[in-house]
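Let me begin by presenting the structure, written as structure tokens, before commenting on it.
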Amino acid sequence: MTQTITLTINGKKRSDTVEPRMLLIHYLREVAGLTGPHIACETSLCGACTVHVDGKAIKSCSMFAVQADGRNVLTIEGLAADGKLDPMQEAFWNEHALQCGFCTPGMIMTAKQIVERNPKPTEEEIRHGLEGNLCRCTGYQHIVNAVKAAAAKA
Amino acid sequence: MATTITKSDTLVGKRIRRREDPRLITGTATYVDDIQMPGMHHAVIVRSPHGAARIKRINIKKAQELPGVAAVFIGKDTEKVGPVPCGASLPGLRVPHHHILAIDRVYFVGHPVAVVVATDRYIARDAADLVEVDWEPLPTVTDPEKALAPGAAAVHPEWPDNTAFTYHQEGGDVDKAFAQADVVVKQRITSQRLIPSAMETRGVVAEWHTGDRALTLHSSTQIPHLLRTILAQMLGLEENRLRVVTPEVGGGFGSKLNVYAEEALMGFVAMKIGKPIKWIESRRENFTCTIQGRGHVDYYEVAAKRDGTILGIKLKLIQDLGAYHQLLTPAIPTLSVLMMPGIYNCQNIRADIVGVFTNAVPTDAYRGAGRPEATHGIERMVDILAAELKMDPADIRFKNFVSNDAFPYATATGLTYDSGNYAAPLVKAMDMVSYKKLRQEQAQARTDGRFLGIGISTYGEICALGPSPATPAGGWESATVKIEPSGKVTVMTGASPHGQGEETTFAQIAADELGVGIDDVLVVHGDTAIVQYGIGTFGSRATAVGGAAMYYAIQELKEKIKKYGAMLLESDNVSFANGACVDNKTGKSVPLAQIAAASYRAMKLPPNTEPGLVATYFWEPPNFTFPFGAHIVVTEVDRETGAIALKRYVAVDDCGKIINPLIVDGQVHGGVVQGLGQALWEQAVYDDTGQLITGEFMDYALPKASNIPWLETGHTETPSPVNPLGVKGVGEAGTIGCSPAVVNSVVDALSPLGVRHIDMPMTPEKIWNLVQAGGKA
Amino acid sequence: MIAENFEYSAPTKLDDALRQLSNEDTKVLAGGMSLIPLMKLRLAAPGQLVDIGRIADLNFIHEEGGTLRIGATTTHYQVENSPLVRSRCPLLAEAASHIGDLQVRNMGTIGGSIAHADPAADYPASLLALEARVALVTAKSKREIPIADFFVDTFTTALEPGEIVHAVVVPVEDQSTGTSYQKVLQPASGFAIVGVAARIRKSGGKIAMARVGVTGLSGKPFRATQVEKALEGAAGSPSEIQKAAALVSDGVDANSDLHASADYRKHLARVYTMRALAIALSRTA
Amino acid sequence: MKISGSYTVPAPRERAYQLLQDPGILAKCMPGTDQLHKLAEDEYDMKMKVVIASIGGQFGGKVRLEDQHPPESFKLIVEGSGKIGFLKGEGLLNLAANGDLTEVSFDGEVQVGGTIASVGQRLLDTTAKLIIKKFFQKLSEVANN
């Protein structure tokens, strides 16, 4: 009961043979060696595993790797190009939008989607957009600041 | 916005962005689950679905036979390991023997009974379903007050009264105080059980080095060194052959300030199978098997004069302990008693604690650990008293604050408050919300039939845990500061952080002290093979105790640097500043890097001086520190639905000297939001049979970005005299100040109905029922 | 959080997918937002999954004969942001914006949502108020049924074995109609404790048409016809709305759980019906 | 969780009571149960496959009838456990004659544990109601035949 899948992750194509039940998050972390996206819940509520598939932010714990066959996956590791941080990463750093950092990769990927779709989000729109990402450390305020700051720079 | 630093600036006090962040924002940090090792196996633990049951039989045959399964262990196999320790000692404390795997009886849902080990985690998970346990369910009790009633099911058959301990503390003359009182107010107040919910669940990777007979154990813990000492005992290993590594830790909030059965179990498994083993806690296990917080039922009585002067406080505290003691379980309510007078000048107190066993996972330290409960109690009682006396809640507080000239102030509970200016944060917070105007708006709202509430809490807390005689496992902290031959500075701290930003704050302090750039300093922690020893990060202690240890290590180094500087400058009058030694007579100087190189090259040594520039300091603090502050919350209750709208939140905290305001704000925000969680949403709900029915984030509501208000923060700075940095600690302040302010606000909103108290969480339905009943529900 | 094993196929043609649905142990995978979490918890363990996510013919929104036809795998995000849906059927776009969270809206589909028939899902209230129809298809046949007949009970729909949702068909809204979806959010899961969709058209100063769909209150979503009747012909004064809304919970066997008792749910349904109606009324032309 | 309710069974009281005591009939009416094997007097071994839309699980356990007062009342106890948890339901069923029909009312308590308890709270009440409804629908069908 295995299948071969081919997908592009952070610009690089790869093929692997997986069980259909293998979750995309496990595939990324354990097969592709990308441990940036994290697993923090099992009910699709926390968003720590958020990555982009074909440009859409999704929870990679709620998608089987076989569903991503042929698609383009972008993870937190794929954001910084040539050692230069993505503006959203830079903003999270500047605004102290993280403490333990565990939710951060997912939070940044969702934040990026918010700004991609709405270049000048209001505080309310940012908070609504972040509903699917839980953070237990920051109280979210610095995260809201970071999203605003990144949007202002874009 | 972070500040850009030029080298001549002083770093302490600046909003400097964190030095740990680049690895975290790029996804390259290493948490336990990110560790991969050749030949690594995976463990899944089989747990009790019952709140109490006898294990009649366990059949592991089918699980063993599944291809890929390497081993299955049950309680009998691990009988010699352990027990899971209780580090707290109280007179007459009953301590049940806590096996790492249950042998013949389970006491709570989630109690581990077997471990399945396989070549990958999918197979281990499948095999866990194949372990068959024949259970005989037994009667249970989950409510601590019901557990004390005659005829209740006995959690441990040997102690049918379910009482683990009783504890009495008294100061002053309480009976006299109550006899002289014009008014006595009484209230039952609960602090519900909470799930700490660190975003990273617990996890362990253990590797047995057969040839060396040595174990390396990676764990997501707040206390690597204590864990090592205790695990070595549990596993029968020599302590110097056990290395504990704490990689990146994804939050703790007290829940990783512990030694857990699973940590010893993975050590045991690694030693048995001779392969690396990984166990990552599932979220559901995190709900049912990691310690929980709070679990108080408090009966308060406060005696006062008609003018509002508080004369005495009585407290009967029932602590829900759960089925076992974890590391500090029974000590937590004693912290509540220590802080029961809050920041009020009341010298007559009496407290009685009953620690109660229940069929649930143990409670233990959760952000604030005992102090949020104490603050919630006294701050609610002061509001109840104010209402009784028809006083403004701000006025009654000003009346009772310990006065500025009273420090150091000895409390009736045996503490000495280090320093304080208790009125200052309240004045500032009232100013920030325009308190007087707000009360006028409230009066208008009330005539319009709206429920607008203003809630104040003024809190004090006990931080920088703490002097060793007052802590279960030593209260000192250690640091080693090493100036490398190149002049770069490496700091090794025993206070291993998990999100607090010590790699930045410690570097700020070290760079200032040594006159080097912040990028010249590296802060290392979390590996017992590298860092000499340490106690850990909890109780808002890392900077106040660990930072102070580093400060003293640097002072020792400075003396040595000056000796080398004097030798190199051939002078007997040198000083060290801005990263160089200067001949005070000639003005000639030699930079630190050159001094360091000379000290390691050791062609020539100053008299009575060894080579190298390394100093280790173990600092024993003379006292705790006592931060304080004032929070004001404005709420409005929707009359139709009972929904609570948070309209404003103002927090003014005084945590002593501020090293990095950006980080302090972050700590306050996070703390406040955890307090909001308790006040409004969070609650671990057990049914009578011991099932945790809020067992996932589907039913246990963590605060989300969308349901919290903008937080307005302010600070006053009253340095602590306890440590050379003047810092007090801020990790828990927000949580401690928050919940009573929110409840006071909603009670204030509903006070026209005669509402006097509401227990947390204040769900809309609870509020709606109160409104329906005209405040009488 | 690991599912039991299963076999997986992802046909790109609808016919191929339908042919694979013969086995009762086979489940259709659309966005997976309901099914995959259940599988991870092992509360669901189908032997075979047919992923319809790659069938281009199931993802569409188009206008046809006074209706919008929305393909089964159209995501909540697509519905929320489709200019066509926003202009022709704003109620549905509003409902979509309330579902789950950003990531769930990116993946979750309208067909998957209604086929799961969660009693607290957001879409059903609006679809009922819109008097939508559901186009169903098997390898051999096609049919179209009213949405009210589609929801049979808790987690139970009119789908026959081998049948899948092909499209949801909603009438193009008359420009003068005012609509609104109002929801009490369960703070943990984001599901509706109660959700009410209201749809009102006025004519000559009177309410000519009122439709009210309710979700979360009972075991299945329903149309509050008694409220609708009470409103038709009324002027729409606050007291009329209040009186009509009060009927929403009459005779309803309300759900009760940790987050809201049956009585409180019934009360919330009344309040939110009132609010949804008032907003819908304010949006009428 | 407390459950109560009532259903009308299209059979006179004596017959309705008999139907409810018959393991063959009970097996037919309990969703996902094929047959009940007798373990002792009024005690049966049960295997049940509950499937509600996507959610499904197998339970093995026992069904017991107690405190019988024909044709008025009896106690029905169902206990089962499986991979996704366990359940125990205990209810008192009262039968009241209503002409040719019988009003069956029940009052009981359902206890669940394991995964279903910790993740299924939101759905327990509605799901329990659905299962009971299905039971009585089937019973009515049987009574009509």
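Bear in mind these aren't lab numbers, they're just calculated from the coordinates by the rules spelled out. None of the values given here were measured: they were computed from a predicted structure. Please note: Cβ atoms are built from the backbone with ideal geometry, for glycine as well, and neighbour counts cover all protein chains shown.
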Site D:N145, offset 7 angstrom along Cα→Cβ, radius 16 Å on amide nitrogen, limited to the range D:37-60, gives none
Report Rg (one decimal) and Dmax (nearest whole number) for chain B, counting Cα atoms only, units Å. 27.5, 87
Can you tell me how much longer the chain between B:L753 and B:K562 gets when fully stretched, taken as 0.36 nm per residue apart minus their C-alpha distance, in nm with one decimal? 61.6 nm
Pairs B:K56/B:K278; D:K83/D:K134; D:K2/D:K133: which exceed 21 Å Cα-Cα? B:K56/B:K278; D:K83/D:K134
Viscosity 1.306 mPa s, temperature 10 °C: give me the Stokes-Einstein translational D for chain A in µm²/s, with Rh taken as the Kirkwood radius over C-alpha pairs. 101 µm²/s
Could you work out the percent of alpha carbon pairs in chain D separated by over 25 Å, rounded to a whole number? 24 percent
In nm, the gap between the two label points placed 7 Å beyond Cα toward Cβ at C:R143 and C:T225 is 2.0 nm
Structure-based [θ]222 nm, chain B - -39500 (n - 2.57) summed over DSSP H runs of at least 4, per residue, nearest 500: -8000 deg cm²/dmol
Label-point gap, in nm, between D:E109 and B:E388 - each point 7 angstrom along Cα→Cβ: 3.8 nm
Let me test this: with uniform point scatterers at the alpha carbons of the range C:58-171, what is the Debye-based log₁₀ I(q)/I(0) at q = 0.11, 0.23 1/Å? -0.30, -1.40
Longest exposed-site-free window of chain B, the sites being trypsin sites (Lys or Arg not before Pro) in a DSSP loop that have at most 12 other C-beta atoms within 10 Å: B:391-584
Label-point gap, in nm, between A:K84 and B:T586 - each point 7 angstrom along Cα→Cβ: 5.0 nm
Tally of Lys pairs whose C-alpha atoms are under 25 Å apart, taken over the range C:179-282, 8 or more apart or cross-chain: 15
Provide the three semi-axes, in whole Å and in decreasing order, of the ellipsoid equivalent to the protein assembly as shown as defined by the square roots of 5 times the Cα gyration tensor eigenvalues. 52, 36, 34
For B:G460, residues with placed amide H under 5 Å, excluding near neighbours: B:I343
The range C:7-51 - Kirkwood radius from inverse mean 1/r over Cα pairs (Å): 10.8 Å
What are the lysines whose alpha-carbon lies under 21 Å from the alpha-carbon of A:K84, with same-chain residues fewer than 8 places away excluded? A:K12, A:K112, A:K148, A:K153
Treating every alpha carbon of the range B:731-777 as one equal point scatterer without solvent, the Debye formula yields log10 I(q)/I(0) values at q = 0.19, 0.24, 0.28, 0.29 Å⁻¹ of -0.57, -0.81, -1.01, -1.06
FRET efficiency, 1/(1 + (r/R0)^6) with R0 56 Å, evaluated for C:E232 and B:D212 via beta carbons: 0.10
If you average the C-alpha positions of the range C:243-277 and of the range C:1-27 separately, how far apart do those two centres end up, in angstrom? 39 Å
Regarding the range D:38-107, what's the average projected area of the Cα-atom convex hull, expressed in nm²? 6.1 nm²
For the range B:597-655, what is the relative contact order in percent, using Cα pairs closer than 8 Å and at least 6 residues apart in sequence? 26 percent
At 20 Å minimum axial length over the Cα atoms and a Kyte-Doolittle cut of 1.6, report the qualifying DSSP H helices in chain B, or say none. none
Report the residue, chosen from D:S118, D:S73, D:S81, that carries the largest GNM mean-square fluctuation when chain D is represented by alpha-carbon nodes joined by springs under 10 Å. D:S118
Reachable lysines, given that their alpha-carbon falls under 18 Å from the alpha-carbon of B:K146 and they are not under 8 places away in the same chain: B:K316
From the alpha carbon gyration tensor of the range A:3-78, can you work out the equivalent ellipsoid semi-axes (sqrt of 5 times each eigenvalue) and give them in Å, largest to smallest? 17, 14, 11
With N residues in the range B:346-429, what two-decimal value do you get for its Cα radius of gyration over 2.2 N^0.38 Å? 1.35
Over what distance in Å are the Cα centres of the range B:605-681 and the range B:403-476 separated? 13 Å
Among C:G216, B:I310, B:P157, whose Cα projects farthest towards the positive end of the dipole of the protein assembly as shown, with charges put on the beta-carbon of Lys, Arg (+1) and Asp, Glu (-1)? C:G216
Report the FRET efficiency, 1/(1 + (r/R0)^6), for B:N404 and B:Q444, where r is their Cβ-Cβ distance and R0 is 45 Å, rounded to 0.05. 0.80
Can you grab the distance from the C-alpha centre of the range C:98-121 to the C-alpha centre of the range B:98-128, Å, no decimals? 35 Å
Descending semi-axes in Å of the range C:179-282, equivalent ellipsoid built from Cα gyration tensor: 25, 13, 10
Measuring from its Cα centre, the protein assembly as shown shows a charge dipole (+1 at each Lys and Arg Cβ, -1 at each Asp and Glu Cβ) which, in debye to the nearest 20, is 1660 debye
Which far-off residues, 5 or more places away or on another chain, put their amide H under 5 Å from the one on A:D86, with H placed in the peptide plane? A:A80, A:A81
In straight Cα distance, which lysines are under 19 Å from B:K560, not counting same-chain residues fewer than 8 positions off? B:K482, B:K488, B:K588, B:K604
Measure of compaction for the range B:662-777 (Cα Rg per 2.2 N^0.38 Å): 1.32
For the range C:179-282, what relative contact order do you get, as a whole percent, if you take Cα pairs closer than 8 Å and at least 6 residues apart? 31 percent
Which is farthest toward the positive dipole end of the protein assembly as shown among A:G83, B:A128, B:Q319, measuring Cα position about the Cα centre, with Cβ charges +1 (Lys, Arg) and -1 (Asp, Glu)? A:G83
Between D:S6 and A:D16, what FRET efficiency follows from the Cβ-Cβ distance if R0 is 51 Å, with the result rounded to 0.05? 0.35
